[in-house]
Amino acid sequence: VGRMSDWNRGVIEEFRANEGRVRAFARQPLLLLTHTGSKTGIRRTNPLASFRDGDRYVVVASKGGAPTNPDWYGNLLAYPRASIEDGKEQLAVTAVPAGPDERSRLWAMITEKNPAFADYQRKTTRTIPVVILTPEV
């Protein structure tokens, strides 16, 4: 956990210092998701690959194809109200996992833009969740 959190911290710092641009992810837009821990109530921030579906943001609970979902996914199920940073903008969002039909449509868009996600799905037996983040008006 220590090395990943250090790596995430570096990505978050670079993201905030460069209006959302991170050198290691030149071709993949990122956002910072700040969510509430389901057990601890502590606010945590994760850098995530970001896709757009109209006005909505879409993130993928891939965890690199690990057999379990990332902690942030469980936190969003427990506390769907979160916030994101998209470059210079900070937005309050509500998180909802995509249902099967919408997930199929979004998954096709995601894997076309970033084929690594198809590799992650091949590595695991779980269906990788796709989460829709809708900005609050």
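Quick notes on this structure:
- Every helix of 4 or more DSSP H residues in the chain counts as -39500 (n - 2.57), and over all residues that averages to -10500 deg cm²/dmol at 222 nm.
- FRET efficiency, A24 to A92 (Cβ-Cβ, R0 22 Å, nearest 0.05): 0.20
- The residue list I12, T34, N69 was ranked by how far each Cα lies along the charge dipole of the chain toward its positive end, using unit charges on Cβ atoms, and N69 comes out on top.
- Linear extension gain, N69 paired with R126, 0.36 nm per residue minus alpha-carbon span: 19.7 nm
- Within-9-Å neighbourhood charge of N69 [Cβ basis; K, R +1; D, E -1]: +1
- The range 49-111, dipole about Cα centre (Lys/Arg Cβ +1, Asp/Glu Cβ -1), debye to the nearest 20: 100
- Point-to-point label distance, R3-S38, nm (Cα→Cβ direction, 7 Å offset): 2.7
- Its relative contact order, with pairs defined as Cα atoms under 8 Å and 6+ residues apart, puts the range 39-137 at 38 percent.
- Close amide-amide hydrogen proximity is noted between S50 and L30, L31, each under 5 Å apart and 5 or more residues distant or on a separate chain (H modeled in the peptide plane; Pro and chain starts excluded).
- HN-Hα J in Hz across the range 86-97 - Karplus 6.51, -1.76, 1.60, θ = phi - 60°, x for Gly and Pro: 10, x, 8, 8, 10, 10, 7, 9, 10, 9, 9, x
- Whole-Hz ³J(HN,Hα) from phi, Karplus 6.51 cos²θ - 1.76 cosθ + 1.60, for the range 36-51, glycine and proline x: 9, x, 5, 9, 9, x, 7, 7, 10, 10, 10, x, 9, 4, 10, 10
- In the full protein context, the range 1-136 carries 58 Å² of accessible surface per residue, based on a 1.4 Å probe and ignoring ligands, DNA and RNA.
- Within straight-line reach of K123, meaning a Cα separation under 26 Å, sit the following lysines at least 8 residues removed in sequence or on another chain: K63, K113.
- If you plug the beta carbon distance of K113 and V137 into 1/(1 + (r/R0)^6) with R0 = 30 Å, you get a FRET efficiency near 0.65.
The values are calculated or read from the model by the stated rules, or taken from the named source; none is laboratory data. Note that the structure is predicted; figures quoted are calculated from it, not measured. A quick note on method: Cβ atoms are made from the backbone with ideal geometry, for glycine too, and the neighbour counts reach across all protein chains shown. Accessible surface areas use protein heavy atoms only, side chains included; no ligands, DNA or RNA. Shrake-Rupley method; radii C 1.70, N 1.55, O 1.52, S 1.80 Å.
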